[in-house]
Amino acid sequence: MRVTAPHQPDLSSLHPDLNWGKWNSSLDLRKPEDRQLLKDLILEADVVVSGYRPGKLEQYGFGVKDIVDLCSEREKGIIVAQENCYGWYGSDGMISTGVAGICGILDAILQRGEHGGSYQVDIAINYYSQWLVSSVGTYPAPVWDALWSANGRQVFRHYQGMLQLLPAYMGMLFKNSAAKLFKPTYFQTRSAEALDPGKGITMKIVKPVLKFPDGVVNLGFNISTRGNGVDAPKWPKDLSVEIVT
């Protein structure tokens, strides 16, 4: 269940890519009744993920300690993951950071199942970037030069924002690498029912990268992408329901 604020902006252009598999409700934490609804959601959750800037949710009573204390009477604790851009102790590939966070959350779930207790997972985009450069390293010069040349030897600068870089980068890839990166076999068409119920809307998206032999597990999403505030802020009895009412 993704929870957004109805009075705050959101980068909705990313919903077609990143909002699959999530119900999406809106709560205004300035209102006591909405804060109670969020507490009710947390009390029935196993994991809470926060992407707000450090210290913001503490103002409304939803910092890490607040959430852990809220769940202290449960048989098992809670796992809280918080993500930001620049780090947690001074200024030190966004999706890759999320993957690293998921690994931390999965490990915390295993630890909680074996030992109980509550767990905190802190991740930051710059932490991942520093690890990528320092521990993984860069391409050898000949590999980098060939890749750079094949894509038009583009130059991007640190002061260019994501809204500038995304269209420029996608345009570069479509122009120079479409035959390799955008093969029809890499995509699938899925129902996007929640965008406009009853209209039969579909959307072409990237197939899951991971495949299991003999179809033992078929990766996918139980519910489709959607905009903000489509669902009621509560857990449904049927976890496969398309829209929570």
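The values are calculated or read from the model by the stated rules, or taken from the named source; none is laboratory data. Bear in mind the structure is a predicted one, so any value in this text is a computation, not a measurement. Note that each Cβ is placed from the backbone with ideal geometry, even for glycine, and that neighbours are counted across all protein chains shown.
Given the criteria farther than 24 Å from VAL99 by Cα, at pLDDT 90 or above and surrounded by fewer than 10 Cβ atoms within 10 Å (Cβ to Cβ), does ALA194 qualify? Walk me through how you get there before you give the answer.
On the way: farther than 24 Å from VAL99 by Cα: yes; at pLDDT 90 or above: yes; surrounded by fewer than 10 Cβ atoms within 10 Å (Cβ to Cβ): no.
No; evaluated as a whole, the condition is false for this residue.
For region 212-234, give me each residue that is more than 19 Å from the chain's Cα centre (by Cα) and among the hydrophobic types (A, V, I, L, M, F, W, C). Before the answer, list the steps.
Start the filter on region 212-234 by keeping residues that are more than 19 Å from the chain's Cα centre (by Cα), which leaves 212-218, 232, 234.
PHE212, VAL216, VAL217, ALA232, listed by residue number.
Where residues in region 5-36 are among the polar types (S, T, N, Q) and crowded, with 17+ Cβ neighbours inside 10 Å, which of them is modelled with the lowest pLDDT?
If we filter region 5-36 for residues that are among the polar types (S, T, N, Q), which is where we start, we get 8, 12-13, 19, 24-26, 36.
Of the ones still in play, those that are also crowded, with 17+ Cβ neighbours inside 10 Å are 19, 24-26.
On the way: ASN19: 92, ASN24: 96, SER25: 97, SER26: 96.
The residue in question is ASN19.
It is to be established whether one or more residues within region 216-226 are surrounded by 10 or more Cβ atoms within 10 Å (Cβ to Cβ), at pLDDT 90 or above and not in a loop (DSSP other than H, G, I, E, B). Before the answer, list the steps.
So the first thing to find is which residues in region 216-226 are surrounded by 10 or more Cβ atoms within 10 Å (Cβ to Cβ), and the list is 217, 219-226.
Still in the running and at pLDDT 90 or above: 223-226.
Filter once more, so that each one left must be not in a loop (DSSP other than H, G, I, E, B): none.
Scanning region 216-226, I find no residue that is surrounded by 10 or more Cβ atoms within 10 Å (Cβ to Cβ), at pLDDT 90 or above and not in a loop (DSSP other than H, G, I, E, B), so the answer is no.
So which pairs qualify, if the first residue must be in region 153-169 and at pLDDT below 90 and part of a helix (DSSP H, G or I), the second must be surrounded by fewer than 11 Cβ atoms within 10 Å (Cβ to Cβ) and not acidic (Asp, Glu), the Cβ gap must be under 9 Å, and the two must be at least 6 apart or on different chains?
Every condition considered, the pairs that remain are MET162/LEU11; LEU163/LEU11; LEU163/SER13; LEU166/SER13.
Tell me the residue from SER91, SER134, SER149 that is exposed (fewer than 11 other Cβ atoms within 10 Å of the Cβ) and at pLDDT below 85, please. Walk me through how you get there before you give the answer.
Working: SER134 fails: at pLDDT below 85; SER149 fails: at pLDDT below 85.
Step by step, each of SER91, SER134, SER149 is checked, and only SER91 is exposed (fewer than 11 other Cβ atoms within 10 Å of the Cβ) and at pLDDT below 85.
Restricting attention to region 96-123, which residues are at pLDDT below 80 and touching an Asp or Glu at 6+ places or on another chain (Cβ under 9 Å)?
Initial filter on region 96-123 (at pLDDT below 80): 96-98.
Within region 96-123, THR97, GLY98 qualify.
Quick check on region 44-84: of everything there that is of a type in the set (S, T, N, Q) and touching a helix residue (DSSP H, G or I) at 6+ places or on another chain (Cβ under 8 Å), which residue is modelled with the highest pLDDT?
Of the residues in region 44-84, the ones of a type in the set (S, T, N, Q) are 50, 59, 72, 82, 84.
From what is left, the residues that are touching a helix residue (DSSP H, G or I) at 6+ places or on another chain (Cβ under 8 Å) are 50, 82, 84.
Numbers: SER50: 90, GLN82: 87, ASN84: 76.
If we take residues in region 44-84 being of a type in the set (S, T, N, Q) and touching a helix residue (DSSP H, G or I) at 6+ places or on another chain (Cβ under 8 Å), then SER50 is modelled with the highest pLDDT.
Looking at LEU38 and the list (1) over 30 Å from GLY220 (Cβ atoms); (2) within 20 Å of the chain's Cα centre (by Cα), which single condition is not satisfied?
Against the list (1) over 30 Å from GLY220 (Cβ atoms); (2) within 20 Å of the chain's Cα centre (by Cα), LEU38 comes up short only on (1).
Inspect region 180-190 for any residue being aliphatic (A, V, I, L, M) and either more than 30 Å from LEU37 (Cα to Cα) or assigned to a strand (DSSP E or B) (or both) and give the result as yes or no.
Just the residues of region 180-190 that are aliphatic (A, V, I, L, M), to begin with: 181.
Of the ones still in play, those that are also either more than 30 Å from LEU37 (Cα to Cα) or assigned to a strand (DSSP E or B) (or both) are 181.
Yes: region 180-190 contains one or more residues that are aliphatic (A, V, I, L, M) and either more than 30 Å from LEU37 (Cα to Cα) or assigned to a strand (DSSP E or B) (or both).
Under 7 Å between Cβ atoms, which residue pairs at least 6 apart in sequence (or on different chains) link something in region 203-226 that is farther than 19 Å from PRO184 by Cβ and charged (D, E, K, R) with a partner that is modelled with pLDDT of 90 or more and assigned to a loop (DSSP other than H, G, I, E, B)?
Correct list of pairs: ARG226/ASN19.
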